[in-house]
Number of protein chains: 4
Amino acid sequence: MTKSIAILGASGYTGAELVRLIATHPDQRITALTGERKAGLPMAQVFPFLRHLDLPDLARIEDVDFAKVDLAFCALPHATSQAVIRDLPRDLKIVDLSADFRLRDPAAYEKWYGKPHAAPEIQREAVYGLTEFYREQIRAARLVAGTGCNAATGQYILRPLIEAGVIDLDRIILDLKCGVSGAGRALKENLLHAELSEGTHAYSAGGTHRHLGEFDQEFSALAGRDVRIQFTPHLMPFNRGILATAWLDGDAREIHAVLQDRYCAESFICVLPFGTIPSTHDVRGSNFVHMGVVGDRVPGRAMAVAVLDNLCKGSSGQAVQNANLMLGLEETTGLMGAPLFP
Amino acid sequence: MTKSIAILGASGYTGAELVRLIATHPDQRITALTGERKAGLPMAQVFPFLRHLDLPDLARIEDVDFAKVDLAFCALPHATSQAVIRDLPRDLKIVDLSADFRLRDPAAYEKWYGKPHAAPEIQREAVYGLTEFYREQIRAARLVAGTGCNAATGQYILRPLIEAGVIDLDRIILDLKCGVSGAGRALKENLLHAELSEGTHAYSAGGTHRHLGEFDQEFSALAGRDVRIQFTPHLMPFNRGILATAWLDGDAREIHAVLQDRYCAESFICVLPFGTIPSTHDVRGSNFVHMGVVGDRVPGRAMAVAVLDNLCKGSSGQAVQNANLMLGLEETTGLMGAPLFP
Amino acid sequence: MTKSIAILGASGYTGAELVRLIATHPDQRITALTGERKAGLPMAQVFPFLRHLDLPDLARIEDVDFAKVDLAFCALPHATSQAVIRDLPRDLKIVDLSADFRLRDPAAYEKWYGKPHAAPEIQREAVYGLTEFYREQIRAARLVAGTGCNAATGQYILRPLIEAGVIDLDRIILDLKCGVSGAGRALKENLLHAELSEGTHAYSAGGTHRHLGEFDQEFSALAGRDVRIQFTPHLMPFNRGILATAWLDGDAREIHAVLQDRYCAESFICVLPFGTIPSTHDVRGSNFVHMGVVGDRVPGRAMAVAVLDNLCKGSSGQAVQNANLMLGLEETTGLMGAPLFP
Amino acid sequence: MTKSIAILGASGYTGAELVRLIATHPDQRITALTGERKAGLPMAQVFPFLRHLDLPDLARIEDVDFAKVDLAFCALPHATSQAVIRDLPRDLKIVDLSADFRLRDPAAYEKWYGKPHAAPEIQREAVYGLTEFYREQIRAARLVAGTGCNAATGQYILRPLIEAGVIDLDRIILDLKCGVSGAGRALKENLLHAELSEGTHAYSAGGTHRHLGEFDQEFSALAGRDVRIQFTPHLMPFNRGILATAWLDGDAREIHAVLQDRYCAESFICVLPFGTIPSTHDVRGSNFVHMGVVGDRVPGRAMAVAVLDNLCKGSSGQAVQNANLMLGLEETTGLMGAPLFP
């Protein structure tokens, strides 16, 4: 039976990407869209690329009849999300795409986001949304917290390696290259075409990026001890795509074998043959992850690279995948579209 | 019942785009792929973005068992296509994506392509593949000739206006902006990133572009007299998308009304409200056409703009749409995917 | 003797481009820079690409000692400029880069800019800054009004043709392609990399772009009658460069001869051999204009194309060229740097 | 007195960049240009962006009268250069931009370039062209070997740190981001706009990039022991610019102090304030290097980032700087042009 879907915060990029994906989803149907500042407008005016669809107009959250909704995606800004979700019906299934429920520890949340959490009781209830690693909890969850897009990319490489004990936990460097849509539709000087195209620079350098909170939480839990990786992203002059280069201490063949073994049954994660390195071009617009491993000339060192589309697998695609599980649907439904190349 | 599909020339962009589209098509299944120079290779090696699919390896054309094929797409280079198709089984349904069968008149072919046609008898049999205008002939056709991508874009604007007699036939200017994937995967200096990005220039200027052969054939037939439009394309520093700006003598409101009326029942063609102008961003990766009309400050002059994705609606998407008709399937099947934005 | 230069409004793109050009100018030296919102900051913080230069910090306009300034460039926002210039010393030489003094007729100004001019008496005094056509007036001027960048590009093609009477004045179409830096550093959604890259669209369509005010003023004066051209720009996914495609009624050879004749003695304007079409790639970062003419297959019709860098020749380079004249310097000083390619 | 300059191999990007730089050089004048396949053509036809210059036509090398040449730049392909230079007059000053004379050890050359050197006697004579570190030898040299562009970027960060002994020599990781013009004008599928724009990937991964030969030679000599860094470049969708991210074991403040101290007297190298990270946008088209250091949250770890323009400071700008020294000119002459932004 077709499930009724609400998208809260449909005027941003992750909201629009949800609409794009659900537009051809056979078992999900959008029955409500909200956007506070653009309430009353038709979606075709906010996002003309969705013009061919028959969609409800943007409404205010308070005007949505949640009794008729099977699942709500919250694609609201960070901090806004926690206040909104606190007031939604307690029995509504929710996939949150913000950063608000990713960290389970209120102190960690306050450290990385600079203020206390507004709904700590719900925070504890949330399941971390990295599907391939929390599948069973997600199936049973009421509230799933979508991961950071950088955090997802890094974890796809590192979780199996930490679990298998094949890398030095004190020598993990993640040099990340990130497309600009990850920054959202915010009006900032450094996101202008004139400032961003035709060059690159690092940002949140030296261990200050908020997604480190997720890495710390997840990796330390896996390892049973504190793990503190080094991670700096670089802003790329393209819209979609993350490439994470992991510089590792470990045996490259062993690393490759662990990843291949871990992901061979996963529908969305392709581990390339040893020595082959992936490109963001090959996953754009899709829910796929490509991953490769190569040995370094320096013995005992390896490089692993993972790529995904930050808006899709890194955010809205992951959200739909989780929603499929929560709604009792086949996990891959609506997500098998091929990447767009060139 | 699922139809068996062969793609001849699958190592180019239009071939890959066919695979992308058919990958999620419920009623078509790829059973043969050919690529002369890359025969023997798996598709995942030629196009890693298709790695998640279970596809036949690239073969030579002579190794394909056409008895088991319901329809073949020919995505071969211009001039190669006519020689290959001449030798294919006479009862095989074919959608050709090359320029070889677009012109019905052998003299016109020779004029625009510089040498006599190698298969003039088949040339006469081919149906011109602009779906919305040749739908019934395509349904019954054995061989459909896909249109030029620029030619399709211009015709979507101009055909209804010529038929309705609302524009001056001697005053039609088409200033076209064309993404680079239309030039294919050819190794040419001017297609290098370093030469093409961050700027633009015109090409085939002054009425020398080959797609004029199609415009002349189609518009003259519609008008019952010779029509010679002015048309120059400009090469754009992006990969997918054509924007055609038509500068017209005629009443803008009347032009808009004719287009709206003509396309209101079409699934893939959206005529925007009067005064609204479309963007290539809003159709990328999709089979949709957006079209807009605005009046000029100079009385009696109008501007009409159409956008489409050259690789999809302008080529491979059109081909799948035509194949659906030829195979007795619902025309829009597999083609309703939303554009990719941003 | 080195001239002392002030730049008012140095925190925008045209201001920064002035600094870039004057940095290697042998006869001009920057002694004051202003930026209201960023007053007090060093230029290196606002524009790190200027870090190697020894520049004054950004100040407020009221803190500049104009007694020591030989010439001031005003790179302030439209409408702000007129109020500021009204209050500057009456004997200060000024090159204004805003739109405020381009139109001589107060009624025309009000029509295109939506409100009355704040300094109509100065408006009448200003000389229009298209150097190659107002050279002697500029040499003697106190206040020069820099042209619009689109307006300059179009005029380079059209002025000589209108003067020579070789084109139909009622049949002038200017289809313009414009890089995004022309829109400045303003925070607008459509200027974000994610919205603008990888596609194109028209804007200010149908005869609504403000630079039409300049075309009307200049062309009508030249022709001795009202001339109303058709003009629509398209926003391009690159930062620098304008390509103007003029669709003309006239003899292409004659048009080419007129342009070649008119510009053969000009240092910055290259008319290409007949049939050769220019590219924006070939003038980026420079003060040069390339221009080409090609005949259409339709007899009596021609296409002329001009390219320039909107920030340099279209704005700040033109301003320095005019300042050279006003200061009694050789016109080309500091402006002969070659374009940046690739 | 103006020096007479020949550029051998002027039809590639580094050759064209030499022409661009020398075009406004007060003390160097181009008297010969060669290009084997394009001999006989005017430069304006090969590179229309140089159209405004009065340049000799492209000739064959054997047609150049070297008696009248003060210095020749060789911008020939790798392997070609050694054969050509072997046959040039023994008293001609030469700056070679190829890889042929960068490695002093014939065995190292053969290892990295796959065949024996054709002119080992000259190989030993060549001075390595990293100006800031070989200044006095360059001044006296007959033949200077321009460095690899990646190799230059990495060495600017690492040489002072190795010399000062402030980093762990067994823990040096260089994650490099490289613009596409570094690959030259070669016709390769992966350099096409359609394949390269809108995404990124690593190449020559795991310690296989040829510039490692230079790192090994230089760093081992500095350290007095074998140093083997880890280095992988990533191909960027922009034309000019290299950003090198060095992941280091060492004290960030100490690292910053060493760099600041080493470069404070250098004209082209700006070390940014501690904690500030540079952008390739800020050096494009110039001979400047920007460098920044930031501490990691993991104690004892640091990140240093350097940016430069691969075609200018990484190749042709460096070559002009070296030529200035060899010709007895002021080192910075002709090279102080500001970067192009945006």
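For B:Leu76, which sequence-distant residues (separation of 5 or more, or a different chain) have an amide H within less than 5 Å of its own amide H, given hydrogens modelled in the peptide plane?
Counting only residues 5 or more places away or on other chains, the set is B:Leu97, B:Ser98.
Give or take rounding to whole Å, what are the principal axis extents of the alpha carbon atoms in segment B:245-342, in descending order?
Extents along the principal axes: 47, 30, 18 Å.
Inside 10 Å of the C-beta atoms of C:184-192, what's the mean count of C-beta atoms belonging to other chains?
Values: counts 2, 5, 3, 6, 2, 3, 3, 6, 14.
The shielding value for this peptide is 5.
Mind checking which of B:Gly224, B:Gly179, B:Gly35 has the largest fluctuation in a GNM of chain B, springs on alpha carbons under 10 Å?
Looking only at B:Gly224, B:Gly179, B:Gly35, the biggest GNM fluctuation is shown by B:Gly224.
So which aspartates and glutamates pass the test for C:Lys115, namely a Cα distance under 14 Å, with those fewer than 8 places away in the same chain ruled out?
Within the straight-line limit of under 14 Å, C:Lys115 reaches these aspartates and glutamates: C:Asp100, C:Asp105.
Please list, in chain and number order, the residues 5+ apart from C:Arg301 or on another chain whose amide H is under 5 Å from its amide H, with Hs placed from the backbone.
For C:Arg301, the qualifying residues are C:Gly250, C:Asp296.
If each of D:Thr333 and C:His78 carries a label point 7 Å out from its Cα toward its Cβ, how far apart are those two points in nm?
4.7 nm
Per-residue mean of other chain beta-carbon atoms within 10 angstrom of the beta-carbon, peptide C:273-286?
6
In segment C:112-150, which residues have a backbone nitrogen under 19 Å from the label point lying 7 Å from C:Leu92's Cα in the Cα-to-Cβ direction?
C:118-127, C:141-146
Apply the Karplus parameterisation 6.51 cos²θ - 1.76 cosθ + 1.60, with θ equal to phi minus 60°, to every residue of segment C:283-300 and state each ³J(HN,Hα) to the nearest whole Hz, in sequence, with x for glycine and proline.
Rounded to whole hertz, the list is 10, 4, x, 10, 9, 8, 10, 10, 9, x, 9, 9, x, 8, 5, 7, x, x.
How large is ³J(HN,Hα), in whole Hz, for each residue of segment C:325-336 in order, when computed from phi with the Karplus curve 6.51 cos²θ - 1.76 cosθ + 1.60 and θ = phi - 60°, using x for Gly and Pro?
4, 5, 8, x, 8, 4, 4, 8, 4, x, 10, 8
Rounding to the nearest 20 debye, state how big the charge dipole of the protein assembly as shown is about its Cα centre with +1 on each Lys and Arg Cβ and -1 on each Asp and Glu Cβ.
Working: 136 positive and 160 negative charges, 0 e Å.
So the dipole magnitude of the protein assembly as shown works out to roughly 0 debye.
7 Å along Cα→Cβ for the label point: how many nanometres lie between B:Lys188 and each equivalent label in the other copies, listed shortest first?
Copy-to-copy label distances at B:Lys188, shortest first: 2.2, 3.4, 4.0 nm.
For B:Ile172, list long-range residues whose amide hydrogen, built 1.01 Å from N in the peptide plane, is under 5 Å from its own amide hydrogen.
B:Gln230
Which of the listed residues, A:Ala304, A:Leu222, A:Ala164, is farthest toward the dipole's positive end in segment A:150-310, when Lys, Arg count +1 and Asp, Glu count -1 at the beta-carbon?
The residue sitting farthest along the positive end of the dipole is A:Ala304.
Give the peptides D:9-16, A:316-323 in descending order of average Cβ contacts within 10 Å, highest first.
Numbers: D:9-16: 24.4, A:316-323: 27.6.
Sorting D:9-16, A:316-323 by mean packing, highest first, produces A:316-323, D:9-16.
Under a 10 Å cutoff between Cα atoms, tell me which one of D:Arg301, D:Arg284, D:Arg225 has the largest fluctuation in the Gaussian network model of chain D.
Looking only at D:Arg301, D:Arg284, D:Arg225, the largest GNM fluctuation is found for D:Arg225.
Percentage of Cα-Cα pair distances in chain A greater than 31 Å, rounded to whole percent? Numbers along the way, then the final one.
Numbers: 17393 of 58311 pairs.
Tail of P(r) above 31 Å: 30 percent of Cα pairs.
Take B:Arg297 and A:Glu254, extend 7 Å from each Cα along the Cα→Cβ direction, and tell me the distance between the two endpoints in nm.
7.4 nm
How far, in nm to one decimal, is C:Phe66 from itself in the other copies if the label point is set 7 angstrom along Cα toward Cβ? Shortest first, please.
Copy-to-copy label distances for C:Phe66: 6.2, 6.2, 8.2 nm.
Given R₀ = 56 Å, what would the calculated FRET efficiency be for A:Lys188 paired with D:Leu41, taking r from the Cβ atoms and rounding to 0.05?
Working: r = 47 Å, r/R0 = 0.84.
It comes to 0.75.
Take the alpha-carbon centre of segment B:156-203, take the same for segment C:7-52, and report the distance between them in whole Å.
Here the answer is 40 Å between Cα centres.
Using the scaling law 2.2 N^0.38 Å as the reference, what is the normalised Cα Rg of segment A:150-310?
So segment A:150-310 has a normalised radius of gyration of 1.03.
Where the label is 7 Å out from Cα toward Cβ, how close does B:Lys38 come to the same position in every other copy, in nm, shortest first?
Listed shortest first, these distances are 3.0, 3.8, 4.7 nm.
With θ taken as phi - 60° and the coefficients 6.51, -1.76 and 1.60, list the Karplus ³J(HN,Hα) couplings across segment A:66-73 in order, rounded to whole Hz; mark glycine and proline as x.
6, 4, 9, 9, 7, 7, 10, 8
Where does chain D land at 222 nm, in deg cm²/dmol rounded to the nearest 500, when only DSSP H runs of n ≥ 4 count, each adding -39500 (n - 2.57), divided by all residues? Don't jump to the answer; show the numbers that get you there.
Working: 11 runs with 100 residues, N = 342.
My calculation for chain D gives -8500 deg cm²/dmol from helical runs alone.
Can you pick out the pairs among A:Lys313/B:Lys3; B:Lys38/D:Lys188; A:Lys38/A:Lys177; C:Lys38/C:Lys68 whose Cα atoms lie more than 25 Å from each other?
Details: A:Lys313/B:Lys3 31 Å; B:Lys38/D:Lys188 16 Å; A:Lys38/A:Lys177 32 Å; C:Lys38/C:Lys68 23 Å.
Pairs exceeding 25 Å: A:Lys313/B:Lys3; A:Lys38/A:Lys177.
So, R0 is 56 Å and r is the distance between the beta-carbons of C:Thr276 and D:Ser220; what FRET efficiency does that work out to, to 0.05?
The computed FRET efficiency comes out at 0.60.
Just counting partner chain Cβ atoms within 10 Å, what average do the residues of peptide B:44-50 show around their Cβ?
6
For segment C:206-246 and segment A:237-307, what is the separation of their C-alpha centers, rounded to whole Å?
Centre-to-centre (Cα) distance: 52 Å.
FYI, it's all coordinate maths here, none of it is from the lab. Remember, it's a predicted structure, so these values are computed and weren't measured experimentally. Cβ: placed from backbone, ideal geometry, glycine included. Neighbour counts: every protein chain shown.
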